[in-house]
Amino acid sequence: MAIFAISDLHLPIGVKKPMDIFGKRWENYVYRIKENWEREITDEDYVIIPGDISWATYLEEAKADFDFINKLPGTKIISKGNHDYWWTTMSKLNKFKEENGYDTIHFIHNNSFIIGDIGICASRGWITPMDKDFKGEDDKIYKRELIRMELSLEDAKKRGATELIAAIHYPPYEGFLEIAERYSVKRVLYGHLHSENMNSYNEISPFTALVSCDYLSFLPKKIIL
């Protein structure tokens, strides 16, 4: 059993919105994700996907994308990104899973996923007050996502996890990194970044890792605690 991570799949199967308009590195990316995933990952493995899963706006539109994900090897642990407009309540997400037989997919929202003594926790995150574009309306979202991160970590601790992994879609700057340090999180995974200078963001802290799929060349990253 191994744990992998890859974020920002931006699957276009349901709504036909391919990412190759953003550069050559995205050419044929759905096929590359599938090929790499099937080569590296087995059904005994786990894959953390910290957001931006599908370009769908509504959950029904995302079905083809989740069909694709569910058929890939391994158990997938999914949290929310800023482009996951299809995301709804946990009750609706779980009903969607049950109705479509998505038995390899699990969502995290104010809760955690336990693998032995490892707790997988998540928050979408948000831009922080240090961001030059941070506005008054961002403050409420930012503070709410900090609370979601703590709720998820507390849930994992209550369920007996002794090793913690946090998945945060946005880079874990101000606030989020401090929470991770306070809870002795072993690894913080994040995505969201797609610029040409992604390398400059990769080492926010020694225990953080950028896992955007284009940064990883569409190859899920093995997580070592």
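Restricting attention to the range 50-84, which residues are over 20 Å from Tyr29 (Cβ atoms), out of contact with any helix residue (DSSP H, G or I) (no Cβ under 8 Å at 6 or more places or on another chain) and free of Cβ contacts under 8 Å to residues at least 60 places away in the same chain?
Thr57, Tyr58, Glu60, Thr75
Filter the range 1-14 down to residues that are crowded, with 17+ Cβ neighbours inside 10 Å and in a loop (DSSP other than H, G, I, E, B), then give me how many there are. So that I can check it myself, show each step before the final result.
Step one: list which residues in the range 1-14 are crowded, with 17+ Cβ neighbours inside 10 Å, which gives 3-14.
Next, only the ones that are in a loop (DSSP other than H, G, I, E, B) stay: 6, 8-10, 12-14.
Of the residues in the range 1-14, 7 are crowded, with 17+ Cβ neighbours inside 10 Å and in a loop (DSSP other than H, G, I, E, B).
Taking the stated definitions as given, is Ile13 within 19 Å of the chain's Cα centre (by Cα), modelled with pLDDT under 95 and β-branched (Val, Ile, Thr)? Before you say what the answer is, go through the steps one by one.
Numbers: within 19 Å of the chain's Cα centre (by Cα): yes; modelled with pLDDT under 95: yes; β-branched (Val, Ile, Thr): yes.
The answer is yes for Ile13.
If I ask for residues that are β-branched (Val, Ile, Thr) and at pLDDT 85 or above, which ones from the range 165-218 would you list?
Ile165, Ile168, Ile179, Val185, Val188, Thr208, Val211
Looking for something acidic (Asp, Glu), closer than 26 Å to Leu216 by Cα and not in a helix (DSSP H, G or I) - is there at least one such residue anywhere in the range 174-193?
Among the residues of the range 174-193, at least one is acidic (Asp, Glu), closer than 26 Å to Leu216 by Cα and not in a helix (DSSP H, G or I), which makes the answer yes.
Taking into account only those residues within the range 20-52 that are outside any helix (DSSP H, G or I) and touching a His at 6+ places or on another chain (Cβ under 8 Å), which is surrounded by the fewest Cβ atoms within 10 Å (Cβ to Cβ)?
Result: Asp52.
Of all the residues that make up the range 130-156, how many are modelled with pLDDT under 95 and touching a Leu at 6+ places or on another chain (Cβ under 9 Å)?
Number satisfying all stated conditions: 0.
Name every residue in the range 153-184 that is over 16 Å from Asn110 (Cβ atoms), in contact (Cβ under 8 Å) with a residue 60 or more places away in the chain and buried (at least 21 other Cβ atoms within 10 Å of the Cβ), in order of residue number. Give the steps one after another, and end with the answer.
Keep residues of the range 153-184 that are over 16 Å from Asn110 (Cβ atoms), which gives 160, 162-163, 165, 170-175, 177-178, 180-182, 184.
Next, from what is left, pick out any that are in contact (Cβ under 8 Å) with a residue 60 or more places away in the chain: 163, 165, 170.
Matches in the range 153-184: Ile165, Tyr170.
With the requirement that a residue be outside any loop (DSSP other than H, G, I, E, B) and either within 19 Å of Ser212 (Cα to Cα) or touching a Gly at 6+ places or on another chain (Cβ under 6 Å) (or both), what does the range 62-104 give you?
Pass one, the range 62-104, residues outside any loop (DSSP other than H, G, I, E, B): 62-71, 75-79, 90-100.
Hits for the range 62-104 are Ala62, Ala64, Asp65, Phe66, Phe68, Ile69, Thr75, Lys76, Ile77, Ile78, Ser79.
From the set of residues in the range 33-68 that are touching a strand residue (DSSP E or B) at 6+ places or on another chain (Cβ under 7 Å) and among the hydroxyl-bearing types (Ser, Thr, Tyr), which is farthest from Leu93 (Cα to Cα)?
Tyr46
Only residues that are assigned to a strand (DSSP E or B) and surrounded by fewer than 19 Cβ atoms within 10 Å (Cβ to Cβ): list them for the range 108-152, please.
Scanning the range 108-152 gives Ile114, Ile115.
The values are calculated or read from the model by the stated rules, or taken from the named source; none is laboratory data. Note that the structure is predicted; figures quoted are calculated from it, not measured. So basically every Cβ, Gly included, is an ideal-geometry build from the backbone, and we count neighbours across all protein chains shown.
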